[in-house]
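Only one structure is covered here, and it is reproduced in the block below.
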Amino acid sequence: MDVPIYRFPDMIDYFDRKGITYNLTHDEIISFLSKNNYFFKLISYRKNFIKNHKDQYTNVSCELLSDLSVLDMQLRYLLMKMSLDLEHRIKTVILAEITENLNEDGYSIMGQFISTSKNPTKRKKDILGYSKYSKYSSSLYEKYKTHTSVWVAFETMSFGTLIDFIEFYLKYNTESSYHYLSNNLYAVKNIRNTAAHSSSLLNDIVGSKEKFNNTQLVTEYVYKKIPNKTSAKRKLNNLRIYDMTVIYIIYERLMPKGRTKMERKKEIYKFLVRARKENNLYIKHNQLNSIYAFFCKLILLK
């Protein structure tokens, strides 16, 4: 289905037809949509609201959609920092375990990882393939393309391949201290990729879209903070809420005390305060308020 071309007057007409109110003049709206945000990004947040029998949204304004878009941007920047912190920390602790294993030379484990994959040829390319074409890491490729150690591989593989390796590693290393990461890192990957590509996180955060078997890591942490399991489970059935919950829990558990963790906590608290700055816009939207309360309990309750 072809998407129709929306000129600026068509965009304003869409707001009027859908009951989306605004306090700006038409010229001010056009200026905003041409300089601050673009139409399809802005209206994507309408998915969080229901429509009446006239196919119009109630109590939804351009100011509300704009505020959600600003919060979304700030949240993506914050979560991107957290995911990069976690990527570095994960590499550090897993490599430390491998280094301390006197029966491991760093090469055999990579051979096993490649040979046990469904497509060993593709897996080998995934480990070093990106570095071949990079001006920053092509020298690594040339030096280690025939014989790659785990230490080199961690410098060149994508985050997705890193997660596959860790799942492999935890499966065969029963004594690892990091088994709680298993089946949880894909949530971090989802958030990382979404943030990196500047895709929206808050544009469809209301409602239950999926049905998961929540991992033990998630259920133990969430149900301790939120005794109402029915309400919590309903929230966690939304993929965005689930993935953000996972990244927060892993960050809390895996990141050591120190300057980085302290800075991120400050940023999280700052974001929670900012999310209430335009509280008057959200008074009639109980579901969004309930989601906000969910994360406040998750983060602030001891």
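Could you list, in sequence order, all residues of the stretch 181-233 that are charged (D, E, K, R) and over 23 Å from Asn289 (Cβ atoms)? Of everything in the stretch 181-233, those that are charged (D, E, K, R) and over 23 Å from Asn289 (Cβ atoms) turn out to be Lys189, Arg192, Lys211, Glu220. Which residues, taken from the stretch 48-77, are open to solvent by 20 Å² or more (accessible area, probe 1.4 Å) and either acidic (Asp, Glu) or closer than 22 Å to Ala196 by Cβ (or both)? Hits for the stretch 48-77 are Asp55, Glu63, Val70, Met73, Gln74, Tyr77. Only a single criterion out of (1) in contact with a helix residue (DSSP H, G or I) (Cβ under 8 Å, 6 or more places away or on another chain); (2) open to solvent by 20 Å² or more (accessible area, probe 1.4 Å); (3) free of Cβ contacts under 8 Å to residues at least 40 places away in the same chain is not satisfied by Tyr107, namely (3). Of all residues in the stretch 15-34, those that are closer than 25 Å to Asn52 by Cα have Cβ atoms under 9 Å from Cβ atoms of residues that are part of a helix (DSSP H, G or I) and of a type in the set (Lys, Arg), 6 or more apart or on another chain, in Lys18/Arg46; Ile20/Arg46. Restricting to the stretch 146-171, and then to whatever is of a type in the set (Val, Ile, Thr) and open to solvent by less than 30 Å² (accessible area, probe 1.4 Å), can you tell me which residue is farthest from Tyr107 (Cα to Cα)? Per the stated criteria, the residue is Ile163.
Would it be correct to say that Val93 is within 30 Å of Ile127 (Cα to Cα) and part of a helix (DSSP H, G or I)? In short, yes. Within the stretch 274-302, being farther than 17 Å from Val206 by Cα and hydrophobic (A, V, I, L, M, F, W, C) holds for Leu298, Ile299, Leu300, Leu301. Any chance the stretch 286-302 includes a residue that's in contact with a Lys or Arg (Cβ under 8 Å, 6 or more places away or on another chain), in a loop (DSSP other than H, G, I, E, B) and over 25 Å from His88 (Cα atoms)? Yes, there is a match, as at least one residue in the stretch 286-302 is in contact with a Lys or Arg (Cβ under 8 Å, 6 or more places away or on another chain), in a loop (DSSP other than H, G, I, E, B) and over 25 Å from His88 (Cα atoms).
Within the stretch 84-94, can one find any residue that is touching a Lys or Arg at 6+ places or on another chain (Cβ under 8 Å), open to solvent by less than 60 Å² (accessible area, probe 1.4 Å) and either on the phi > 0 side of the Ramachandran plot or at pLDDT 95 or above (or both)? Among the residues of the stretch 84-94, at least one is touching a Lys or Arg at 6+ places or on another chain (Cβ under 8 Å), open to solvent by less than 60 Å² (accessible area, probe 1.4 Å) and either on the phi > 0 side of the Ramachandran plot or at pLDDT 95 or above (or both), which makes the answer yes. Checked across the stretch 28-40, the condition of being more than 30 Å from Lys265 (Cα to Cα), under 27 Å from the mean Cα position of the chain (by Cα), aromatic (Phe, Trp, Tyr) and open to solvent by 30 Å² or more (accessible area, probe 1.4 Å) holds for at least one residue.
The values are calculated or read from the model by the stated rules, or taken from the named source; none is laboratory data. Owing to the predicted nature of the structure, the values given are computational and were not obtained by experimental measurement. Positions of Cβ are generated from backbone atoms using ideal geometry, with glycine treated the same way; all protein chains shown enter the neighbour counts. The accessibility values were calculated without ligands, DNA or RNA, using every heavy atom of the protein model including side chains. Shrake-Rupley method; radii C 1.70, N 1.55, O 1.52, S 1.80 Å.
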